[in-house]
Amino acid sequence: MLDFDLAEMYGIETKVLKQSVRRNIERFPDDFMFELTKKESLILRSQFVTSRWGGSRYQSFAFTEQGVAMLSSVLNSKQAIEINIRIMRAFVALRQYALGYAKLNQKLEEFMVETNMQFNDIYQALTEIVEQKKESENKSRKRIGFPIGENTCLNN
């Protein structure tokens, strides 16, 4: 999550959030929080279609789940704690959804493998039936009906 989104949720200015983080930077290792590069900030700014006079002049902080959890120890207001609890629950729900999706995807792949094997068996059986039919058609057949020749009444 980005600093300005979190600041809005916590009901504080982005500047205050960044100051609190910088004062407690040892609580935020690289896997908890990182600063966007200039290029990333420009891309982000273009996504929001802000004017060159509006928006932040500084690169935003991006927080991971652990970083958001750590913010509750840095921003010690009642609103920050309540919002943090909601965000943590959202992360848990998202993780559960992702795990459910992974399980569903695995079951779907297993089903596809099983179905492909069954269709392969059906295809093989149909191929054998067609080959047997071709073989039976190619065998010489005994002619049905009256023979046509010299001794028949058709020649008279």
Could you figure out which of (1) within 26 Å of the chain's Cα centre (by Cα); (2) surrounded by 15 or more Cβ atoms within 10 Å (Cβ to Cβ); (3) modelled with pLDDT under 80 isn't true of F48?
-> (2)
Take the residues in the stretch 22-45 that are farther than 20 Å from I87 by Cα and of a type in the set (K, R), then tell me which one is modelled with the lowest pLDDT.
-> R45
Residues in the stretch 91-150 that are modelled with pLDDT of 80 or more and touching a helix residue (DSSP H, G or I) at 6+ places or on another chain (Cβ under 8 Å) total 1
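The values are calculated or read from the model by the stated rules, or taken from the named source; none is laboratory data. Everything numeric in this text was worked out from a predicted model, so none of it was measured. Cβ sites come from the backbone with ideal geometry, for glycine too, and all protein chains shown count toward neighbours.
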